[in-house]
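Colleague: Okay, handing you the structure first.
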Amino acid sequence: MDELASSPPEADRLDERYFQDPLGLFARLREEGPVKQVIKPEGKPAWLVTRYEDVRAALVDPRLSMDTSKLRPEGWQPNPVFGYLNTHLLTLDPPDHTRLRRLVVKAFTARRVAALRPRVEAITFGLLAAMEGRDEVDLIETFAFPLPITVICELLGIPASDRQRFQAWSRDMVSAVIAPEEFLETAATVHRYFTGLLAEKARTQTDDLLSALITVRDSGDSLTERELIAMVFLLMIAGHETTMNLIASGTLAMLSHPEDMARLRSDPSLLPGAVEELLRYVNPVNHASERITLEPTSIGGVTIPAGEAVICVTSSANHDPSRFASPSQLDLDRDASGHLAFGHGIHYCLGAPLARLEGEIAFGALLSRFPSMRLALPASSLRWRQSSLMHGLETLPVLLR
């Protein structure tokens, strides 16, 4: 018989302890209550799903909708700015999701991404060359951030000179502790930027994804202005945040496992498998985008009422011992296939091939270029960003020689 919904205890809050050790909370919940209500950082409740089989099933359950507006009162209108930025692939169900995904999926196929290898390598080698001669760097500032943001800017056709502004905007948009008025101010700034950029690109179109999407917008009814702005915003955020966290957190994992780092350096053929294991192990994203129950829904023996927020914790699933033996151990020989770092089902990450390519090139080149690289301070003193969705370091100071 399903359990009845109950109010979450005070201890189960996604607070600073969660930001610094999300896997600790998830491990406890997998044992105590694998489908359990908690309090999100902003004070609202949500149901966390933490076991692998439950998470995988919930990600394809049609009773869990990405479109939270479906249960809004009649006549409800979203904030005019945030509503523009929040109408994208991660907030829509079919058929709108299917229509929008079809417009961009060809740009991220394995074959198209493979063609980007020379350019990704050139960007990587240029960033590493700029680090030569320095004793200490913040690896996020000098490498983990500029690599994926440069790649996605070039793919979309966005000026690389704006990348630092995107770093600040992205931090605000995924922060779990930002004040609502500050969040909306950042959203308005991003909206103004993209509105101006689209107008400029429409006048001077080039061979890039953004120009192609503008052509689609102007040639029929398959893409609205609002959807275009939201799509570009999503591609920019998702196109660098997750890979930045993978590179930084993956490097930290390597530095904490010097024997594995030495194996990778001496045998680059291990890199593709290592990237899969690192995706599983370091969880660049804590959980999938929030869903909402359209009707009472049973998950893991718990019936969640209609209209409730549900969070599928993919990083917890990747550390579920029922699916991955000794999950807290980094194992480069592990078959990590089946991990949920990129999600599952129709919302599976479009950029997965690109993230894998960037990770493989980044780790291989970094370990080869700086064989003496080591942490500049104890790992225990590193801090993680105050984000519920993203799991990423604030800084990663390393000594290069």
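Colleague: If contacts are Cα pairs under 8 angstrom and at least 6 residues apart, what is the relative contact order of segment 326-401 in percent?
Modeller: Across segment 326-401, relative contact order equals 23 percent.
Colleague: What residue among LEU399, SER256, PHE26 has its Cα farthest toward the positive end of the dipole of the chain, where the charges are +1 on Lys, Arg and -1 on Asp, Glu, each on the Cβ?
Modeller: LEU399
Colleague: Something else about it: Based on Cβ point charges of +1 for Lys and Arg and -1 for Asp and Glu, what charge dipole magnitude is obtained for the chain about its Cα centre, in debye rounded to the nearest 20?
Modeller: Roughly 760 debye, rounded to the nearest 20.
Colleague: Using all Cα-Cα distances in segment 75-223, what percent lands in each 5 angstrom bin from 0 up to the longest?
Modeller: 1, 7, 13, 17, 19, 18, 12, 7, 3, 1, 0, 0, 0
Colleague: When you count, for each residue, the other Cβ atoms within 10 Å and take the mean per peptide, how do 279-292, 314-327 rank with the highest first?
Modeller: Descending packing order for the listed peptides: 279-292, 314-327.
Colleague: From Cα pairs below 8 angstrom and at least 6 apart in sequence, can you work out the relative contact order of segment 10-54, rounded to a whole percent?
Modeller: Relative contact order comes out at 36 percent.
Colleague: Looking at the chain, what % of its DSSP beta bridges pair antiparallel, to the nearest 5?
Modeller: 80
Colleague: Right, next: What helices does the chain have that are whole DSSP H segments, at least 20 Å long along their own axis by Cα, and with mean Kyte-Doolittle hydropathy of -0.5 or more?
Modeller: 117-131, 180-203, 225-255, 352-369
Colleague: Can you bin segment 346-401 into rounded, prolate or oblate? Criterion: square roots of the alpha carbon gyration tensor eigenvalues sorted a ≥ b ≥ c, rounded for a/c under 1.5, prolate for a/b above b/c, oblate for the rest.
Modeller: In terms of gyration-tensor shape, oblate.
Colleague: What number comes out for the charge environment of LEU393, summing +1 per Lys or Arg and -1 per Asp or Glu over other residues with Cβ under 14 Å away?
Modeller: -2
Colleague: Going by Cα centres, segment 93-156 and segment 385-399 are how many Å apart?
Modeller: 19
Colleague: Let me ask you something else. Over the chain, calculate the relative contact order: mean separation of alpha carbon pairs under 8 Å at least 6 apart, over the residue count, as a percent.
Modeller: Relative contact order comes out at 28 percent.
Colleague: Follow-up question, since we're still on this one. In whole Å, how far is the Cα centre of segment 38-54 from that of segment 185-238?
Modeller: Between the Cα centres of segment 38-54 and segment 185-238 lies a distance of 33 Å.
Colleague: Among residues other than SER269 whose Cβ falls under 13 Å from its Cβ, what is the net charge (Lys/Arg +1, Asp/Glu -1)?
Modeller: -1
Colleague: Let me ask something additional. Looking at the chain as a GNM with Cα springs under 10 Å, which of GLU141, GLU227, GLU182 has the largest mean-square fluctuation?
Modeller: GLU182
Colleague: Then there is this: Tell me what the chain gives for mean residue ellipticity at 222 nm when only DSSP H runs of n ≥ 4 count, each as -39,500 (n - 2.57), the sum divided by the residue total, rounded to 500 deg cm²/dmol.
Modeller: Result for the chain: -14500 deg cm²/dmol, rounded to the nearest 500.
Colleague: With the alpha-carbon atoms as the only input, what is the per residue convex hull volume for segment 165-289 in Å³?
Modeller: Dividing the Cα hull volume of segment 165-289 by its residues yields 161 Å³.
Colleague: Just how many pairs of Lys in the chain have C-alpha atoms closer than 24 Å, counting pairs that are eight or more places apart or on different chains?
Modeller: So the count of such lysine pairs works out to 5.
Colleague: Quick one: net charge of MET373's neighbours, Cβ under 12 Å, K/R +1, D/E -1?
Modeller: Within the 12 Å Cβ shell, the charges total +3.
Computed from the coordinates by the stated procedures, all read-outs in this text should not be read as laboratory data. Here the structure is a predicted model, which means the values were calculated and not measured. Counting neighbours? That spans all protein chains shown, and the Cβs are built from the backbone with ideal geometry, glycine included.
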